[in-house]
Amino acid sequence: MTAVGIDAVEIWTGNLKLDLPGTFAPEKGEDPEKYTKGLGLNASSFPDSYEDIVTMGANAAHRLMERKGLEPDDIGRIDVATESAFDNSKPVSTYVAGCLEQVYDGDFHHANKGERKFACIAGTQSLDDAYNWIRAGRSRGRSALVIATDTALYARGDDGEATQGAGAVAMLISEDPNLVELSAEQGYGSADETDFLKPNQQFPSVDGKRSVQVYLARMREALEDFESVAGEVHEEDFVYAPFHTPFPGMVRKAALLAYRHVIRDTEIEDDLATEIGRQPRPEAFDSDDEYRDALREYMDSLKRTDRYAEWYEATIDPTLTIAREVGNWYTGSVHVARASALKHALESDREMTGKKLLIGSYGSGAQAEIHSETVRDGWEEEITALNIDEQLAERYEMTWDDYEEIHDAHNHEMDVDVEEFTTPSEEFVFDGWGRMGERKYRYVE
Ligand code: CAA
């Protein structure tokens, strides 16, 4: 069976930066370490006044098409995943195609376009759609463009405000891909949950503490379901495990649970038993509460072992490097985590061809999905082409007053005109409103 997967990736960050320990924490009267150590975040990316989900998505896609030497005729499908859409009918992918048609001679009239919604997991679901379209033999030799784009803004004063972010990831899905092959096996953990939602409103209603528990519960289900089709997962099977990263502290919790699961009934559990005992089993306890207390104690001890710390440093920590500087990008977040891991491999001269990644996606509401990816021999070329470090360094750093202004500028309920903080160059920008309330865009040379 010919491999199908991600051929190329491009990342586009919002052009503004908010320093969390330096600017946000003092205004909130909080210890800066709550952000750097607790949530694991240094900064978040924000859209300037001329940026939105369309400009960021189109800019990422444009860069990808230019780098790969593609024309519109090479693309048979454009799917945009977002939870920041501003229209209940017209999909963001039509706007993105309209932007790209301004800079290419051809058009996307014969490309199938759509928009995917299931909170942050929609980016991964769009990869599935593209994979299935190619596997079904419907692609006519063309590739699919998948764009995950979000302005992950929370209401001012919401606990989630510290985890905001804005950016887009564009991915080209093809046969015989350069970057990674997607596994046919997938595991799901899905349930009707009320942890985070936007009932026809721009900013989310969030039960923050509950959302953390739901993330962990659905991920565990997805991992078990994945094992039921792909076989047991072991510690040494995967070089990196990129997970959806609303904030790195969330992944720290998920990683510990995943590690406990994968070492159960293995030699590692036996080796660790002399130091911290064996994992508690429910049948050994009279009540659920006693079992849970014992489990908590075991997890606390496991977290402190050298073995776990080494695994975490090697397999999880490298997936969080970019997230620490940009915050939550919702649909793009797990795809940023994959790029972060492969960038780490490149920078540490690690040979990755043929090696595996375990990908954990999550969307509130709620669903988790786990699949594996096999790294392909063009990965170095693809990851070397990323310019995310330069983009991050070039962001304009906002003062607190700037932040308040820009949050208002992106608040759909406010009608404020905010001067741009940066000067756009070689990118699409928002250019005002049309007669039917549509958004207009232009390319700035
Ligand atoms: N030094 C070190 N650590 C500190 C600290 C300090 N001075 N002060 C606090 N901390 C730690 C806390 O102990 C806590 O860590 P643990 O959870 O490991 O105990 C961490 O910093 C955060 O502190 P709080 O729990 O007090 O923070 P909070 O209540 O203000 O907000 C949150 C946390 C509820 C997650 C909030 O950020 C939120 O609502 N976020 C949005 C929802 C979200 O991202 N949920 C994640 C799962 S849902 C999902 O993944 C979908 C999605 O993308 C939204």
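The values are calculated or read from the model by the stated rules, or taken from the named source; none is laboratory data. Predicted model only: the values in this text are computed from it and were never measured. Cβ: placed from backbone, ideal geometry, glycine included. Neighbour counts: every protein chain shown. In case anyone asks, the SASA skips ligands and DNA or RNA and just uses the protein heavy atoms, side chains included. Shrake-Rupley method; radii C 1.70, N 1.55, O 1.52, S 1.80 Å.
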Exercise for review: Amide H neighbours of Gly167 under 5 Å, at least 5 residues apart or on other chains, H built in the peptide plane: list them.
Suggested key: Gly14, Asp150, Ala152
Review point. Under a 5 Å amide H to amide H cut-off, with H placed in plane at 1.01 Å, what residues pair with Tyr50 once short-range neighbours are removed?
Key: none
Practice item. Could you calculate the FRET efficiency of Glu33 with Arg307 from 1/(1 + (r/R0)^6), where r is the beta carbon distance between them and R0 is 22 Å, rounded to 0.05? Key: 0.25
Point to revise | Protection-proxy order for peptides 48-54, 345-351, each taking the mean of Cβ atoms within 10 Å per residue, highest first | key: 48-54, 345-351
Review point. Fully extended, how many nm does the chain gain between Gln102 and Ala136 (0.36 nm per residue separation, minus their Cα-Cα distance)?
Key: 9.1 nm
Practice item. Report the semi-axes of the equivalent ellipsoid for the stretch 4-444 in whole Å, largest first, where each axis is √(5λ) for an eigenvalue λ of the Cα gyration tensor. Key: 36, 26, 19
Check your understanding: Residue-wise, which Karplus ³J(HN,Hα) couplings in Hz belong to the stretch 97-114, taking 6.51 cos²θ - 1.76 cosθ + 1.60, θ = phi - 60°, and x for glycine or proline?
Key -> 4, x, 4, 5, 5, 5, 10, 10, 6, x, 9, 10, 5, 9, 9, 7, 10, x
Study note, to complete from the structure: Karplus-derived 3J(HN,Hα) from phi for the stretch 391-398 (6.51 cos²θ - 1.76 cosθ + 1.60, θ = phi - 60°), whole Hz, x at Gly and Pro, runs 4, 5, 5, 7, 4, 7, 8, 7
Exercise for review: Show me 89-97, 242-250, 407-415 ranked by packing, highest mean number of other Cβ atoms within 10 Å first.
Suggested key: 242-250, 89-97, 407-415
Check your understanding: Measuring from centroid to centroid over Cα atoms, what is the spacing of the stretch 394-442 and the stretch 90-156 in Å?
Key -> 23 Å
Practice item. Please tell me the relative contact order of the chain in percent, rounded to the nearest whole number, where contacts are Cα pairs under 8 Å and at least six residues apart. Key: 25 percent
Check your understanding: Nearest 0.05, what FRET efficiency do Leu257 and Glu347 give at R0 = 45 Å with Cβ-Cβ as r?
Key -> 0.95
Review point. What spacing in nm lies between the two simple spin-label points modelled at Arg67 and Asp401, each 7 Å away from Cα in the Cβ direction?
Key: 3.8 nm
Practice item. First compute the accessible area of the chain with a 1.4 Å probe, then give the percent of it belonging to carbon and sulfur atoms. Key: 42 percent
Review point. With every protein chain present, what is the per residue accessible area of the chain (1.4 Å probe, Å²)?
Key: 43 Å²
Review point. If you count the DSSP beta bridges with both ends in the stretch 89-188, what percent of them are antiparallel, to the nearest 5?
Key: 90 percent
Review point. Amide H neighbours of Arg442 under 5 Å, counting only residues 5+ apart in sequence or on other chains, H built in-plane at 1.01 Å?
Key: Val429, Asp431
Check your understanding: With all protein chains present and a 1.4 Å probe, how do Trp12, Trp329 order by accessible area, largest first?
Key -> Trp12, Trp329
Revision key, fill the gap. For the stretch 116-127, in residue order, the Karplus 3J(HN,Hα) values (coefficients 6.51, -1.76, 1.60; θ = phi - 60°; whole Hz; Gly and Pro = x) are 10, 10, 7, 6, 6, 7, 5, x, 5, 5, 5, 4
